[in-house]
1. Scan the range 434-455 for residues that are at pLDDT 70 or above, farther than 15 Å from Ala587 by Cβ and open to solvent by 90 Å² or more (accessible area, probe 1.4 Å) and jot them down.
2. Looking at Thr209, is it of a type outside the set (Gly, Ala, Ser), at pLDDT 85 or above and surrounded by 13 or more Cβ atoms within 10 Å (Cβ to Cβ)?
3. Scan the range 535-574 for residues that are open to solvent by less than 70 Å² (accessible area, probe 1.4 Å), at pLDDT 85 or above and touching a strand residue (DSSP E or B) at 6+ places or on another chain (Cβ under 7 Å) and report the count.
4. Of the numbered conditions (1) at pLDDT 75 or above; (2) open to solvent by 50 Å² or more (accessible area, probe 1.4 Å); (3) over 19 Å from Asp284 (Cα atoms); (4) of a type in the set (Lys, Arg), Arg86 fails exactly one; give the number of that condition.
5. Quick one: how many residues across the range 266-295 are of a type in the set (Gly, Ala, Ser), modelled with pLDDT under 85 and either closer than 22 Å to Thr91 by Cβ or not in a helix (DSSP H, G or I) (or both)?
6. Mind checking which residues of the range 141-169 are at pLDDT below 85 and either among the aromatic types (Phe, Trp, Tyr) or in contact with a helix residue (DSSP H, G or I) (Cβ under 9 Å, 6 or more places away or on another chain) (or both)?
7. Select from the range 381-396 the residues that are open to solvent by 70 Å² or more (accessible area, probe 1.4 Å) and either at pLDDT 70 or above or among the aliphatic types (A, V, I, L, M) (or both) and list them in ascending order.
8. List pairs: first in the range 327-352 and at pLDDT below 75, second part of a helix (DSSP H, G or I) and surrounded by fewer than 16 Cβ atoms within 10 Å (Cβ to Cβ), Cβ under 6 Å, 6+ apart or cross-chain?
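The values are calculated or read from the model by the stated rules, or taken from the named source; none is laboratory data. The model shown is predicted, which means the values in this text are computed figures rather than measured ones. Neighbour counts are summed over all protein chains in view; Cβ atoms, including those assigned to glycine, are modelled from backbone coordinates with ideal geometry. What goes into the accessible areas is simple: the full protein's heavy atoms, side chains included, and nothing from ligands, DNA or RNA. Shrake-Rupley method; radii C 1.70, N 1.55, O 1.52, S 1.80 Å.
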Amino acid sequence: MSSGIPLRKRLLVRLMITSVLIALCSVAATAWLAVQTTTRAIQEEQGQVLADDTDILRQLSGYAATHPSWAGVQDTVRRLSAATGRRIALTTADRTPIADSAKSRTALPPGAAATVDPLHTDTYSEPGAQLSGVDPRAVGPYRLTPLERARLGKLATLRQKCAARNRVDTTITWTPSGRPVLSDENGILPNSTVPDVCADGQLNTLTPTEVAALGRLTTLAGACLRRENVAVPAKGFLSLEFSSQAPQPQFALGGKAVGGRPTAIGAKGSECVAEARREQLDPDVAPVAELFLCTGDSALPHFDMSNANKAKIVGVTGLVLALTVAVTALVATRLVRPLRALTQAAQQPLEQHVRVPVTTRDETGILALAFNELTERRERMETQRKAMVSDIAHELRTPLTNIRGWLEVTRDGIVDPDPELLASLHEEAVLLQRVIDDLQDLAAADAGTLALHREAVRADELLEQVVAAHRVGAEAAGIGLRTGTDGTSAPTGSGTAWIDADPVRMRQALGNLVSNAIRHTPDGGTITLSARKEEDQVVIEVADTGSGIAAEDLPSVFDRFWRAEKSRSRRTGGSGLGLSIVRQLVAAHSGTVAVASELGAGSLFTLRLPATDPPVDADEVR
């Protein structure tokens, strides 16, 4: 058999080539990793440089936050340069020098290392900077006078002593503006832990300096809001809060803190307060500057492989390749032998139904088991095909026989073609057409040509449509038909169950389940359709209080032409194709359907379909 297979296509040759390629890639990757690891180790010795650069940026940002200009920064630049061994230079945006630690003004790098701007900072080393984008040390007009600091310090000490007498340990933290804030061991002091006798409110009362600064900020923010056409309250729409966790003053709009949380004025209010705050602080901080950092030798050392190391790598590569080829040849020979036996069995005529002996418990043995199961399945499918042909012939023969019989007696003049007879013939034709349509749907689903026009569908609306279509039939049978959705009535995006499905086909599937439930539910019973969202799935359930299905019949519920009662005619028990169509339609939507039932207690059909996101215009759809 192997002689007919080209050498390049043989499994043994492919395995050996694959193993050699893997070995080569492994050796190359190992050599590259060794070089990179050595280089990285050398570079990591320079890790302190990154920490030094961060500290330089932090200190220069602090200088800019506490000085209205860069005058006098030269001493700070030289001190930082001496401590880190780096050349530090500050320039304006057009590269006009501000300060430089180098004595000789050599050329600067083409790009700045960072921009020093305390009003738009990304310095994460200072708590609070990442929340507002403003360096927390930039307090400007909010900096308290010495007398105000002294008075607040005394109040903080009194409140700390009061808290200690009530068994609450606190510490005093001084913010950059000079205001003391009390905090517990966790860094906060919730109001619920402050004894009533100590909560006099004097410590958090704004000082004249803060009142004046806040008034100026309110004026600037109000002007911004008016430019944005936002209604501004007459007064009091902006307040000031203090916290040991936020070194900067915390401003609030409408009683809620600004910083991404909802406010009475909205997002425009937050933007206007931030803009007004920067405008207020701008005269008290240094102008924006470009920061350049240089070293005497910016080139980093790289690992240079010696000839001896290269010779070792070549030797190890050859050894690995030899071992790889030997092991691959041994394993591939043992692997190919049972595959050849399996191929010979598969080439036998279909009618022989040859089984392959399972001699191993590895992947080859599992393949042999799968082959044997496939053979058995083919036998079962052949039997089912013959049975299905017989069932189809039976289903079509009954209405055709009725139609032919009535037409013959009418032709012979035995019966007059009155309206009642014509209605009976029409009903038989409709039943015949229904069976043919069901068979056509099943054939399209089996062939994979079932056309689906998918769109985003709300599960609760889908259920309501199905209930509306079958309500008359259910009421005529004395059966209650209702929905019981779970989570689908919530606003869009907050629990509403959406599926990506063809609404017509899904109504067809659910309609088959409802019709089946109506036929098997006695007078006075109920049928309930419900839907809910579970993680990334939408679960739709159709429950009835009907006669139920025996446990031994549950595995056959979705088989074609299966009926719970074999004695039922097609007129009372359906064509036997409805549940098969349900399974095919759900599978076409990448879903599953299952049934749970008990005799005398009703049945529960469960559909699980992939959930999808609501459409962009979901609110308009609602």
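1. Passing the criteria: Gln440, His453, Glu455.
2. Criteria met by Thr209.
3. Counting residues in the range 535-574 that are open to solvent by less than 70 Å² (accessible area, probe 1.4 Å), at pLDDT 85 or above and touching a strand residue (DSSP E or B) at 6+ places or on another chain (Cβ under 7 Å) gives 12.
4. (2)
5. Result for the range 266-295: 1.
6. Ala163, Val168, Asp169
7. Those that are open to solvent by 70 Å² or more (accessible area, probe 1.4 Å) and either at pLDDT 70 or above or among the aliphatic types (A, V, I, L, M) (or both): Met381, Glu382, Val389.
8. Matching pairs, first to second residue: Val336/Leu11.
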